[in-house]
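Only one structure is covered here, and it is reproduced in the block below.
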């Protein structure tokens, strides 16, 4: 295996790691808030679960990019390609948007989602508004995901 | 469409008020509103209390036997049966309340008895009555306890001072014991004993042998526990009547609504004000006529400064999507109902985000069965229907994208998003642009209804022209036309955007309006999330297929493979549903509603029979 391939693998791993860590941290925050509210108002469990899961998507996006990179460099299905240094660094760079934005946006989205959970606790009818507010943060993770995907597909192997 | 409303004013005799309220509640078409000098009925406080008592009894039954599971059918009851409180059910409630009181008494007694039993237990080995445990002429007697590991030290001390230690049972703070010391050396022994960890302890307040008291306590505890068993058994029997208690709660809630209806009173008459749907005035009229002929009833159109509650009425296919709009905000009664336009877009975009024929099939099965078996109600029912309807578009886009449980069983009709992300991105943008155009058109409709044709053309149509032009510029054969369209649209915006201003601000206002193009373009770019979601659910499904394929090879492998396949796809479907629900809603709320929607409507909540726990026949 060439050094280029190694660098691409590190990039894919970072996409899964950083976005995953962000989501895990985020869902921890929202989970704590949701558990606290559920203790007092068990009926809200269904609504809260939806908000709680919102910061979890970044982890999936990071995972998604990691898998696409694996497919592109042939780790999944087929022989592993021997990439040049340029190709390796290109894959590494392509992974960075979702890795970094995923990490940060998941934690920020979690803070918004916690507020949305508290809002739902006070006013159960407003859960959709809370979801929308938290979903606005996710926009930037989605844009980063798109950039990562388009870059990964754009690299010539 | 938004149903036009009529304002209702009813004057009638005070002595017929009860009967009229009952009749109006039965017809379920009048929403009474509160006015400044209106007050609730005389029995308001009492009915609130009765409702609370019924709910408390029901809550107690729920705590002891649990709520009804989602899949057991609710009892069916005639509407008439909920209008009046059934005295038999009141008796049942009293029985439950009595039982609850007895159970809590029982628990209190049990804890008192067991506390005493725990205090007496270490002393049972004492072979003299407790009251005789006192100093004699020559011997001083002390009672106390010491930690077991310090005991040898104490025994040694006692022996040195010609004293005896009688060991009893193990207490909460160590071994309980009695010290017998010659009176002359008693003080000295006590000091020394305290130094090694001896703690004085009063014997229990018992007359006679502790053993006798302990036996007595055990018998009493036994009786208390037997009683509790009997009570719990009785509770279980009563709990079988959970349905009846639920009916009582609904009856009380129905009664309380009548009692809390605000009305203005004079000595002999009363007045109700409220809203009803314009096509239901006859129902209200009949409800009143059936009770009395001494009344004045009028229906008026809402005045300029009055905002009636909002009722939307749409076809069966659109109605479930109203719940999505209502979660954001109900439409203002004066604006155009967004639901008929919003519903097909939500339907289409939701399906595109899921984009898998297999998942579409699963959704149809799961939500179809859920509707049939669990019979959910209210907004939840609407949501389940939205998901059921969306299973069709999910399957449709799955066929378009050639995705069947993440695998390409058949070649795609359009293309595979993973292979052609750029084509998919363009498709998403086109759908986004059309969605936004429909929002702008609704805004034009609102402007025209308000009689403002200038706003309709200059502030709305111009944007459609400009955005269409920008779109055409990327299409080779149309790029020339596109450029002209874009320039024309932009010119209209710059020239008219500042028309409300004066002087130089007419021009700066126009330029500022054109700056809105960044907002419009970022709205359209926002639809790229459709691509992201299609890819994420597709790739995750693909990975599970891959994993399931990898472990095959042996019998155990095939079992693991099936497990991975099933669990993986169910997980991916659930996450996909969550994302599609959230993001399809967001595209409606922010990108689409942002173009035209005011919202802020109030719900229409007519007086009606409150069937919260039962189904009406």
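The values are calculated or read from the model by the stated rules, or taken from the named source; none is laboratory data. Nothing here was measured: the structure is a model prediction, and the numbers come from that model. Every residue, glycine among them, receives a Cβ derived from its backbone with ideal geometry; neighbour counts consider all protein chains shown.
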### Message
Going residue by residue through region B:504-522, is there one that turns out to be facing another protein chain (nearest Cβ under 10 Å) and within 30 Å of residue B:407 (Cα to Cα)?
### Response
no
#### Entry: Condition check for residue B:479: surrounded by 17 or more Cβ atoms within 10 Å (Cβ to Cβ), free of Cβ contacts under 8 Å to residues at least 24 places away in the same chain and farther than 29 Å from residue B:328 by Cα
no
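Applying the selection to region A:132-152, what residues are more than 30 Å from residue A:5 (Cα to Cα), surrounded by fewer than 24 Cβ atoms within 10 Å (Cβ to Cβ) and either more than 7 Å from chain B (Cβ to nearest Cβ) or in contact (Cβ under 8 Å) with a residue 60 or more places away in the chain (or both)?
A:133, A:136, A:137
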### Message
Can you tell me which residue is farthest from residue B:234 (Cα to Cα) among those in region B:99-145 that are touching a strand residue (DSSP E or B) at 6+ places or on another chain (Cβ under 7 Å) and in a loop (DSSP other than H, G, I, E, B)?
### Response
B:138
### Query
Out of all the residues in region B:582-594, which are crowded, with 21+ Cβ neighbours inside 10 Å, facing another protein chain (nearest Cβ under 10 Å) and over 13 Å from residue A:142 (Cβ atoms)?
B:585, B:588, B:589
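Is at least one residue of region B:534-541 without any contact (Cβ under 8 Å) to a residue 60 or more places away in the chain, within 26 Å of residue A:51 (Cα to Cα) and within 11 Å of chain A (Cβ to nearest Cβ)?
yes
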#### Entry: Flag if residue B:469 is within 41 Å of the chain's Cα centre (by Cα), modelled with pLDDT of 90 or more and buried (at least 18 other Cβ atoms within 10 Å of the Cβ)
no
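Let's see how each residue does on (1) modelled with pLDDT of 90 or more; (2) out of contact with any strand residue (DSSP E or B) (no Cβ under 8 Å at 6 or more places or on another chain):
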{"position": "B:225", "(1), (2)": "yes, yes"}
{"position": "B:234", "(1), (2)": "no, yes"}
{"position": "B:245", "(1), (2)": "no, yes"}
{"position": "B:252", "(1), (2)": "yes, yes"}
{"position": "B:258", "(1), (2)": "yes, yes"}
{"position": "B:287", "(1), (2)": "yes, yes"}
{"position": "B:305", "(1), (2)": "no, yes"}
{"position": "B:312", "(1), (2)": "yes, no"}
{"position": "B:318", "(1), (2)": "yes, yes"}
### Query
Any residue at all in region A:62-76 that is part of a helix (DSSP H, G or I), more than 13 Å from chain B (Cβ to nearest Cβ) and surrounded by fewer than 18 Cβ atoms within 10 Å (Cβ to Cβ)?
no
### Query
Just for region B:546-574: of the residues that are modelled with pLDDT of 90 or more and at the interface with chain A (Cβ under 10 Å from one of its Cβ atoms), which one is farthest from residue A:47 (Cα to Cα)?
B:572
### Task
From B:410, B:415, grab the single residue that is outside any helix (DSSP H, G or I), more than 18 Å from residue B:522 (Cα to Cα) and touching a strand residue (DSSP E or B) at 6+ places or on another chain (Cβ under 9 Å).
B:410
### Query
Quick one: which of B:82, B:58, B:89, B:21 is in a helix (DSSP H, G or I), under 30 Å from residue B:278 (Cβ atoms), touching a helix residue (DSSP H, G or I) at 6+ places or on another chain (Cβ under 7 Å) and at pLDDT below 90?
B:82
### Task
State all residues of region B:138-151 that are exposed (fewer than 13 other Cβ atoms within 10 Å of the Cβ) and in contact with a helix residue (DSSP H, G or I) (Cβ under 8 Å, 6 or more places away or on another chain); if no residue qualifies, say none.
B:138
